[in-house]
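Read the structure below first, then the notes.
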Amino acid sequence: MIRKVSLFLAAALLASTFGNAGAQQVSALDRHLSRLDLGISGAGIFNKTVSGPVLRPDAPDCAPTLPCFLTQQPSNTVGALVNIRYIVKPLVGFEFNFGYARYTENFSYPQPPIAVQTGANEYTLGYIVTPAHHIFGFQPFVSAGLGTTEFKPTLHGGESLTSQAQARATYYYSAGIQQEYFSSHFGLRASFRQLFYLAPDFGQNYYTIKQHTITSEPTVGFYMRF
């Protein structure tokens, strides 16, 4: 009888130990998941116009002694932005951004003007700060980081058949506000972002002016917390 009681107590102790370990693992997993959120936003894409001398001296229509100036004017459009954020604490957080837009790069030179329709895919990583205090009931945030933007000419989009896909190093910052609604797992988010990169030339020397440009993006969307 004593032996049976001893075996029962030992089994109960083991079950309790493994149960507590499992509970601790679940709690740790829940803690990490609670720090993650997925955001999906619509974005206005406003691109800066840049100008500069064409670097290739034998470009068509260039005089031997005078530089040819090119104006590169991207169209404005709307796009999408997806964020994945991991917030450790108010002053420590990280985010991954994927942005997508399609617009037309208009080159004033050579004559006649050339247009290249391109998809622009942003892949960036950043550091984010989400202060604990609120402003007018909204939680503010700021972030900054770097990555790349891939410019990929679309089929049958102007001169896209002779243009090459190209990636440009990209730096960005953003500032915005967010607020939970209905539950702690859902909220709305708005921000203003700017991306900085070298204007694409699609591998064509006749478009190369080596000028940095800016894309400004006001965004509005929602986020879901796990």
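Please work out how much length the chain gains when fully extended from GLN73 to VAL142, using 0.36 nm per residue of separation minus the C-alpha to C-alpha distance, in nm with one decimal.
So the extension gain works out to 21.9 nm.
Full-extension gain between VAL92 and ALA175, please, as 0.36 nm times their residue separation minus the C-alpha to C-alpha distance.
28.3 nm
Apply 1/(1 + (r/R0)^6) to the Cβ-Cβ distance of PHE196 and SER34, taking R0 = 35 Å, and write down the FRET efficiency to the nearest 0.05.
0.60
Considering the alpha-carbon set of region 72-193 alone, what are its Rg and its Dmax in angstrom?
18.2, 58
How much length, in nm to one decimal, is gained on full extension between PHE46 and GLN211, taken as 0.36 nm per residue of separation minus their Cα-Cα distance? Don't skip to the end; give the middle numbers.
Numbers: separation 165, 0.36 × 165 = 59.40 nm, distance 1.69 nm.
Result: 57.7 nm gained on full extension.
Each reported figure results from applying straightforward, stated rules to the coordinates on display, with no laboratory input. Please read these numbers as outputs of a predicted model, since none were measured by experiment. Cβ atoms come from the backbone with ideal geometry, glycine included; neighbour counts cover every protein chain shown.
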